[in-house]
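Notes follow the structure.
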Amino acid sequence: MSSELESLYQEIILEHSRYPRNYGRLPQPTHHAEGYNPLCGDQVHLTLQVDGEAIRDIRFEGQSCAICKASASVMTSLVKGLPLSEVEQLYEAFHALLTAEEPPTFSHIAPKYQDYLLAFGAVRNYPMRVKCATLPWHTLHAALHESHHEPVSTENL
């Protein structure tokens, strides 16, 4: 990866960490879930409004490190307004980016989302941070699959 591209990706993470998008709680969510990373202390609470087969609105709140906050901000920005089938594709792509032996290609992901996902590619080089970055995505998955009775814990992932 070129240093120019790496710099762009670092800027995306810093920007979303300093000025998170969609921060707060929805007043009347249709779905919600909590996530917890005991290694880092990250806590994320997601509230969503799902309308039919799409996410109409989504917000997050909690106490978390910069990587987790940036991941939650990027995630909520990407999935707002998307059909659930596309949300599932982004979830799978993000998870594979950070956990697969070989980083995946994103040929099935719309180009407008690829830079935001790839911004977190370097996180795979820091195993302790992978759970920080993936926690919001696992929490979203739990919220959409109605498995939010217990908080999502990175210890179970």
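The numbers here are math on the coordinates, done by the rules we state, and not lab data. Because the structure is predicted, anything quoted here is derived from the model rather than measured. When we count neighbours, we look across all protein chains shown, and the Cβ atoms used for this are built from the backbone with ideal geometry, even at glycine.
Mind giving me the nanometre distance, one decimal, between the label points for Glu6 and Met128, set 7 Å out from Cα along Cα→Cβ?
In this crude spin-label approximation the distance works out to 2.1 nm.
Sorting check: for 14-27, 74-87, which peptide has the highest mean count of neighbouring beta carbons within 10 Å, and how do the rest follow? Could the numbers behind the result be given before it?
Details: 14-27: 14.9, 74-87: 18.9.
Result, highest mean Cβ count within 10 Å first: 74-87, 14-27.
Let a ≥ b ≥ c be the square roots of the eigenvalues of the Cα gyration tensor of the stretch 1-120; is it rounded (a/c under 1.5), or, if not, prolate (a/b larger than b/c) or oblate?
Working: a/c = 1.72, a/b = 1.25, b/c = 1.37.
Oblate shape, in that a/c is at least 1.5 and b/c is the bigger or equal ratio.
Can you tell me the length gained on complete extension of the stretch Leu14 to Ala66, counting 0.36 nm per residue apart and subtracting the Cα distance? Mind dumping the intermediate values first?
Values: separation 52, 0.36 × 52 = 18.72 nm, distance 0.77 nm.
Gain on extension, Leu14 to Ala66, equals 17.9 nm.
To the nearest 500 deg cm²/dmol, what mean residue ellipticity at 222 nm is calculated for the chain from DSSP H runs of n ≥ 4 alone, each contributing -39,500 (n - 2.57), summed and divided by the residues?
Details: 5 runs with 72 residues, N = 157.
Computed ellipticity for the chain at 222 nm equals -15000 deg cm²/dmol.
So which aspartates and glutamates pass the test for Lys112, namely a Cα distance under 18 Å, with those fewer than 8 places away in the same chain ruled out?
Glu6, Glu11, Glu15, Glu86, Glu88, Glu92
Full extension from Ser107 to Glu53: what is 0.36 nm times the residue separation minus their Cα-Cα distance, to one decimal in nm?
Numbers: separation 54, 0.36 × 54 = 19.44 nm, distance 2.34 nm.
Gain on stretching Ser107 to Glu53: 17.1 nm.
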